[in-house]
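Asks: One structure is given below, represented as structure tokens, and several questions about it will come after.
The values are calculated or read from the model by the stated rules, or taken from the named source; none is laboratory data. As the structure is a prediction and not an experimental result, all values here were calculated from the model. Note that we place each Cβ from the backbone using ideal geometry, even for glycine, and neighbour counts take in every protein chain shown.
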Amino acid sequence: MSKKISFGNVAQEYAKYRDQLPDVIFEQLRERNVVFENKKAIDLGAGSGIFSRALANQGVEVYGIEPEYNLINEARLQDHVHNKSITYLNSVAEEIDLPDQSFDLITALRAWHWFERIKVLEEVNRLLKPEGHLIIIHAIFLPHISAAAQQSLNIIRSNGVDIQPAGSMAYTAERRNGFPVNWFEEWLTAELQIVDEWQYNYDLTFTIDEWCGKVNSLSWLTNADEALKDRISEQLKASLGNAPLIIPHQYSVVLLKKSQEGHPSNEC
């Protein structure tokens, strides 16, 4: 990418309009023997704390890792509103000042593609307790089955915005369970067991203002000036109208596990 993506530039929009995952994801993880109550977790790329708070709601002590201080400020404001106590570190995921083998869970929601992945995997192995879990989640809206979402992309493109897959998602076309196939080899090389992988489709309803806010928080527009974002929002409103928008989404999950001794498990 020619420009560095900085979600700190859209911190307020990100905090206000980025959507949560449905709670069913925690049911799915529990079905796969992930325990949350009274556990310690690191949430990588915590952003405005969306998934950090969701973890806290499950009884987890959460440490959010976020390099953008503007987003940490927004996260703390939201934590106060929701009466949550989460520790945030203004840090990159590649170098985290926390003690070895002290965490049961490490999560990354909509974030793994922004990291130097091999360095982060070294930190994951250092920080996870034996048999701890790494949970990597990606979530997208589905323009191929949503006329409103497809029209939104068309409007963004018509304003000269280059729409490409985010971060390192752009480097490999072949996908497995929604993730670049080479990531799976990286996880295995890091001696993490792939416990399971799955996808889940769900619908979210937006007002037109909420949808415009979400669009303005997307990575393609983090470096856009306000005039461009306002123009795109005006065109979205003119095209999509004022009725509630039901937008289909999908999340993809890979659940990984560190072995008891830090070496690959024989389990399949």
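Asks: Assess whether GLY64 counts as being closer than 22 Å to ARG30 by Cα and surrounded by fewer than 21 Cβ atoms within 10 Å (Cβ to Cβ).
Replies: On the way: closer than 22 Å to ARG30 by Cα: yes; surrounded by fewer than 21 Cβ atoms within 10 Å (Cβ to Cβ): no.
It is false that GLY64 is closer than 22 Å to ARG30 by Cα and surrounded by fewer than 21 Cβ atoms within 10 Å (Cβ to Cβ).
Asks: Please verify whether region 158-168 includes one or more residues that are at pLDDT 95 or above and under 17 Å from the mean Cα position of the chain (by Cα).
Replies: So far as region 158-168 goes, no, none of its residues is at pLDDT 95 or above and under 17 Å from the mean Cα position of the chain (by Cα).
Asks: What number of residues within region 83-110 satisfy the criterion of being part of a loop (DSSP other than H, G, I, E, B) and either among the polar types (S, T, N, Q) or in contact with a Lys or Arg (Cβ under 6 Å, 6 or more places away or on another chain) (or both)? I'd like the intermediate steps shown before the answer.
Replies: Going through region 83-110, the residues part of a loop (DSSP other than H, G, I, E, B) turn out to be 83-86, 91-102, 110.
So of that shortlist, the ones also either among the polar types (S, T, N, Q) or in contact with a Lys or Arg (Cβ under 6 Å, 6 or more places away or on another chain) (or both) come out as 83-85, 91, 94, 100-102.
Number satisfying all stated conditions: 8.
Asks: Restricting to region 203-232, what's the tally of residues that are more than 24 Å from LEU21 (Cα to Cα) and either modelled with pLDDT of 90 or more or of a type outside the set (S, T, N, Q) (or both)?
Replies: If we filter region 203-232 for residues that are more than 24 Å from LEU21 (Cα to Cα), which is where we start, we get 223-232.
Next, only the ones that are either modelled with pLDDT of 90 or more or of a type outside the set (S, T, N, Q) (or both) stay: 224-232.
Qualifying residue count, region 203-232: 9.
Asks: Just wondering, is there one or more residues in region 225-245 that are assigned to a helix (DSSP H, G or I), within 18 Å of ALA139 (Cα to Cα) and out of contact with any strand residue (DSSP E or B) (no Cβ under 9 Å at 6 or more places or on another chain)? Show your work before the answer.
Replies: Taking region 225-245 first, the residues assigned to a helix (DSSP H, G or I) are 226-240.
Pick out the ones that are also within 18 Å of ALA139 (Cα to Cα) and you get none.
No, region 225-245 has no match at all.
Asks: Filter region 74-132 down to the residues that are farther than 21 Å from GLY59 by Cβ and of a type in the set (Asp, Glu), then identify the one that is surrounded by the fewest Cβ atoms within 10 Å (Cβ to Cβ).
Replies: Among residues in region 74-132 that are farther than 21 Å from GLY59 by Cβ and of a type in the set (Asp, Glu), the one surrounded by the fewest Cβ atoms within 10 Å (Cβ to Cβ) is ASP97.
Asks: Okay, next question. Restricting to region 202-224, name every residue that is of a type in the set (A, V, I, L, M, F, W, C), assigned to a helix (DSSP H, G or I) and out of contact with any Gly (no Cβ under 9 Å at 6 or more places or on another chain).
Replies: Of region 202-224, the ones of a type in the set (A, V, I, L, M, F, W, C) are 204, 206, 208, 211-212, 215, 218, 220-221, 224.
Now narrow it down to the ones that are assigned to a helix (DSSP H, G or I): 208, 211-212, 215, 220-221.
Listed by number, the residues that qualify are TRP211, CYS212, VAL215, TRP220, LEU221.
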